[in-house]
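Notes for the one structure printed next.
The values are calculated or read from the model by the stated rules, or taken from the named source; none is laboratory data. From a predicted model like this one, the values you see are computed outputs, not experimental measurements. Neighbour counts are summed over all protein chains in view; Cβ atoms, including those assigned to glycine, are modelled from backbone coordinates with ideal geometry. Just so you know, the surface numbers come from the protein's heavy atoms only, side chains and all, with ligands and any DNA or RNA stripped out. Shrake-Rupley method; radii C 1.70, N 1.55, O 1.52, S 1.80 Å.
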Amino acid sequence: MDAVATDAEREQIVADLRDRLGDALVGFHIRPGDDLWVRVTRDVWQEAGMIARDHLGFRAFEFVSAIDWLPSPFGKGEDSSLDPIPQVAGDIVTGYAGGDTRFQVFARAHSLSQHMGITLKVDLPDDDLSVATWIPVFAGANWHEREAREMFGITFVGHPHPVNIYLPGQFEGHPLRKDFPLLSRHVKPWPGIVDIEPLPGGSSEPSSEEGEA
Amino acid sequence: MGLVESGKLPKPLTSLLNTSRKYSIWIFQWGLACCAIEMGAALGSPRYDVMRLGVIPLPASPRQADLVCISGTVTDKIVPAIRRLYDQMPDPKYVISMGACANCGGPYWDSYSVTKGVDQIIPVDVYVPGCPPRPEALLEGIVLLQERIGKEDMAERWRGEPLVVS
Amino acid sequence: MTAVSDRQKLAYVNSQAADGRVNLEFETEEGMTLNLGPQHPATHGTLRIVVKLDGEQVLSCEPVMGYMHRGYEKLTEVRTYPQVTTLINRIDWLGSFANEVPFILAAEKLMEIEAPPRAQWIRTILFELSRIANISLFVGDMALHIGAMTAAFYAFRDREFVLNQIESATGGRFHPNFNRIGGLKDDLPKGWVADTKASLERIRDFCDEMEILVEGNEIFQARTRGIGVIPSEIALQFGLSGANLRASGVDWDLRRDQPVGLVWDKVDWKVITHPDGDSFARFWVRLQEIRESCNIVEQLLDGLPAGPYMAKVPRVIKVPEGEAWVATENPLGEMGYYLVSQGGLGPFRVKIRTASFNNVSVVPWVCRGVYVPDVVTILASLYFILGDIDR
């Protein structure tokens, strides 16, 4: 691993961010010598990006995307069509730097001089799935936000051209939400089902060739 | 030509017509995904050299093509374009579906945006399996199609009767 | 055709007119709209570019994607880890092996497994070979778009030698699916090292040939120099990566700057940059990178360590909870996987950051004010794969 990127450097970055954002920085997670996650409130989402870009040196843009933390109500779709569809199992479990809501928007940028990256996260309340756009921070966020918009149904306030980027105009639903069903899987049972089921008295080896035609 | 339209074509003339048709196929390349590169290797590279089979790649437009090779994943968004392409081609026209995705959806059989097989929108003459098929496999598909063309009765095709391939 | 009925004539005229209406719409106020695609030779697949023109000059241009959108991020959620590898091969279909590596590394990072040295070396070798196979096609393709057909035939010819090597090692010309969590599927076959060295010689000859045939060509230079200039700050803003970024003078290569469990730091090579940022610079940087890749592979082949090619992994692969981001310098640029696991047999969420998506997002910016033929030059020089944009 990179010798320059030590733990202390990442802690310094978090401290700098906390100085400028105050209580708006709600959580963070550091994997020493590897990566950094910071969660901010929705009001300072754009500002946090600006600070990261201008003051902390994260000048190169990677991506903006979102995540739906709802446990999938369809399992992995491995069940045969005769079985009842399993209902939501358990509570929402969120990842690093915590989270309070179902939807989270996360973005990543990296620093050329410090050879490290940062992942910024923001929680979105269920009744108002909107967040400020990152286009003023990084112009490249434009297409990423269009993608997140159609895949999750999140509104990016201030986006100049919020239209579908991938799906045809008449497509209904937001495919990357966990409660969006893959209908083919319900019509036809998953052919790889035999590989995933643990055999009685032993363990089976999942074959990687499965799923290919 | 009037003979074909009248539906009364003498047998020797049919076989002459078919032989000349099957060795002068203009193939239109509808490259969509990975298979497009293998198709490019089959049609454009010196190693595989499709022209020795009497197939001519790179027509200027689908209007001049006899055969279209649909190679790659067909998504719901591209479907209207493929249908239009097929409608624009002059009859008699043939379709090769190349690769698992074009045949049946392939590895994306459960995707929300992929059409499960191009045969849902246009009739397919030859399916070439593989993911992606090797260039040799595509060449075999073309040879199979040529065999089929050789046995065709043009007059029957013109009258719109179902094709019988022995 | 002599006997054409009136009905046929009319149908023909109508279809011609319908075609014309779709492809060329005259709009009195904002100039003319020209539609490139969705299936256009200059777009390596099914990208559609809507260009607004004033005379021959581009007022604005808007790429329309999604014709190749296959829903990878959703499909990974319903696959197990070994099955995901099969799927993600097909994102950037010219450099398939390189697609697998960052995902496998991300899973290995969460499982805290490290592949044995021999596996790491073979991974790096195949990674670079897939880069050569990928970029050598770019070189021919770029020349083809400028109008030189011959180079494309040469590229297809010499690329086969590298594909043969990949095939004899992995069993697949295109989609090797050779990586496993914890190592590789198999060891290298006998005699592979010597054969690969011979094929590298072919590639070096190919580079020389291309330098004379394409790069030194007067027409090629006139068509590419000063066309589509992307300054470094804009490149970073849009998240450009790979050769596109280095051609804008940014000295950044993940192989050197963020080594992630592969062995580029064990060999002697250099990062190629070019200060100009135009189409010619992007072509030049890529061509030099093929040579560098040849150097890397040759050195790695000489120092290939012995030992096992697979670490000890559980029979049923379950990745512990956590999030990991791994990015590598793929042929097209930076490709990264943001893997979220909740301890199951398959990933909870995978965000796939592909190089081409960001690289192409700069097109509306860079195409403003250029002439129509330059649009094709710029698209060719940015070098994208449709599967890599749409996923």
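Just need a number here: residues in region C:264-282 that are open to solvent by less than 60 Å² (accessible area, probe 1.4 Å) and either touching an Asp or Glu at 6+ places or on another chain (Cβ under 7 Å) or within 14 Å of chain A (Cβ to nearest Cβ) (or both). Looking only at that region, the number is 5. Got at least one residue in region C:74-83 being touching a Phe, Trp or Tyr at 6+ places or on another chain (Cβ under 8 Å), touching a residue at least 60 places away in the same chain (Cβ under 8 Å), open to solvent by less than 10 Å² (accessible area, probe 1.4 Å) and at negative phi? No - not one qualifying residue is present in region C:74-83.
Only one entry of A:Val105, A:Val122 meets the criterion of being under 11 Å from the mean Cα position of the chain (by Cα), of a type outside the set (D, E, K, R), modelled with pLDDT of 80 or more and farther than 14 Å from A:Val26 by Cα, and that entry is A:Val105. Within region C:357-375, if we keep just the residues that are within 11 Å of chain A (Cβ to nearest Cβ) and touching a residue at least 40 places away in the same chain (Cβ under 8 Å), the residue that is nearest to A:His110 (Cα to Cα) turns out to be C:Asn358.
Would you be able to say whether some residue in region A:39-57 is away from chain C (no Cβ under 12 Å), out of contact with any strand residue (DSSP E or B) (no Cβ under 6 Å at 6 or more places or on another chain), modelled with pLDDT under 85 and under 24 Å from A:Lys178 (Cα atoms)? Checking region A:39-57: not a single residue is away from chain C (no Cβ under 12 Å), out of contact with any strand residue (DSSP E or B) (no Cβ under 6 Å at 6 or more places or on another chain), modelled with pLDDT under 85 and under 24 Å from A:Lys178 (Cα atoms). Among the residues of region C:323-345, what is the count of those that are open to solvent by 10 Å² or more (accessible area, probe 1.4 Å) and at the interface with chain A (Cβ under 7 Å from one of its Cβ atoms)? Result for region C:323-345: 3.
Among the residues of region A:168-213, those identified as within 7 Å of another protein chain (Cβ to nearest Cβ), out of contact with any helix residue (DSSP H, G or I) (no Cβ under 6 Å at 6 or more places or on another chain) and modelled with pLDDT of 70 or more are A:Pro168, A:Leu182, A:Ser184, A:Arg185.
When the residues of region B:23-49 are filtered to those that are assigned to a strand (DSSP E or B) and closer than 21 Å to C:Arg159 by Cα, which remaining residue is least open to solvent (accessible area, probe 1.4 Å)? If we take residues in region B:23-49 being assigned to a strand (DSSP E or B) and closer than 21 Å to C:Arg159 by Cα, then B:Gly31 is least open to solvent (accessible area, probe 1.4 Å). Could we say that C:Glu292 is of a type in the set (Asp, Glu), more than 9 Å from chain A (Cβ to nearest Cβ) and in contact (Cβ under 8 Å) with a residue 24 or more places away in the chain here? Against the criterion (of a type in the set (Asp, Glu), more than 9 Å from chain A (Cβ to nearest Cβ) and in contact (Cβ under 8 Å) with a residue 24 or more places away in the chain), C:Glu292 does not qualify.
Here the condition is being in contact with a helix residue (DSSP H, G or I) (Cβ under 7 Å, 6 or more places away or on another chain) and at pLDDT below 85; of C:Gly333, C:Gly344, C:Gly322, it holds for C:Gly322 alone.
Looking across region B:51-73 at every residue that is of a type in the set (A, V, I, L, M) and over 15 Å from the mean Cα position of the chain (by Cα), the one that is nearest to C:Val64 (Cα to Cα) is identified as B:Ala60. With respect to C:Glu56, is the statement that it is modelled with pLDDT under 85, more than 11 Å from chain B (Cβ to nearest Cβ) and under 20 Å from A:Asn164 (Cα atoms) true? When the stated conditions are applied, C:Glu56 does not pass them. Screening C:Pro275, C:Pro259, C:Pro231, C:Pro305 for residues that are farther than 22 Å from C:Val370 by Cα and touching a residue at least 12 places away in the same chain (Cβ under 8 Å) leaves exactly one candidate, C:Pro305. Return yes when C:Arg202 is touching a residue at least 40 places away in the same chain (Cβ under 8 Å) and either of a type in the set (Asp, Glu) or within 14 Å of chain B (Cβ to nearest Cβ) (or both) and no when it is not. Here the answer is yes, as C:Arg202 does meet what is asked.
At least 3 residues being among the small types (Gly, Ala, Ser) and surrounded by 20 or more Cβ atoms within 10 Å (Cβ to Cβ) is the threshold, and among the helices (runs of 4 or more DSSP H) wholly inside region B:50-154 those reaching it are B:99-104.
Condition (residue is open to solvent by 30 Å² or more (accessible area, probe 1.4 Å), farther than 27 Å from C:Ile166 by Cβ and out of contact with any Ser or Thr (no Cβ under 7 Å at 6 or more places or on another chain)) applied to region C:250-263: is it met by at least one residue? No; the residues of region C:250-263 include none that is open to solvent by 30 Å² or more (accessible area, probe 1.4 Å), farther than 27 Å from C:Ile166 by Cβ and out of contact with any Ser or Thr (no Cβ under 7 Å at 6 or more places or on another chain). Being crowded, with 23+ Cβ neighbours inside 10 Å and of a type in the set (Lys, Arg): is that true of C:Arg368 here? No, not satisfied. Whether any residue in region B:46-57 is hydrophobic (A, V, I, L, M, F, W, C) and touching a Cys at 6+ places or on another chain (Cβ under 9 Å) is what I want to check. Looking through region B:46-57, none of the residues is hydrophobic (A, V, I, L, M, F, W, C) and touching a Cys at 6+ places or on another chain (Cβ under 9 Å). Here C:Leu75, C:Leu129, C:Leu87, C:Leu144 are screened, and the one residue that is under 30 Å from C:Phe206 (Cβ atoms) and facing chain B (nearest Cβ under 10 Å) is C:Leu144. When both residues are 6+ apart or on different chains and their Cβ atoms are under 9 Å apart, which pairs have a first residue that lies in region B:120-134 and is more than 14 Å from chain C (Cβ to nearest Cβ), and a second that is surrounded by fewer than 17 Cβ atoms within 10 Å (Cβ to Cβ) and part of a loop (DSSP other than H, G, I, E, B)? Partner pairs satisfying both residue conditions: B:Pro129/A:Ala213. Number of residues in region C:292-322 that are crowded, with 16+ Cβ neighbours inside 10 Å and of a type in the set (Asp, Glu): the value is 2.
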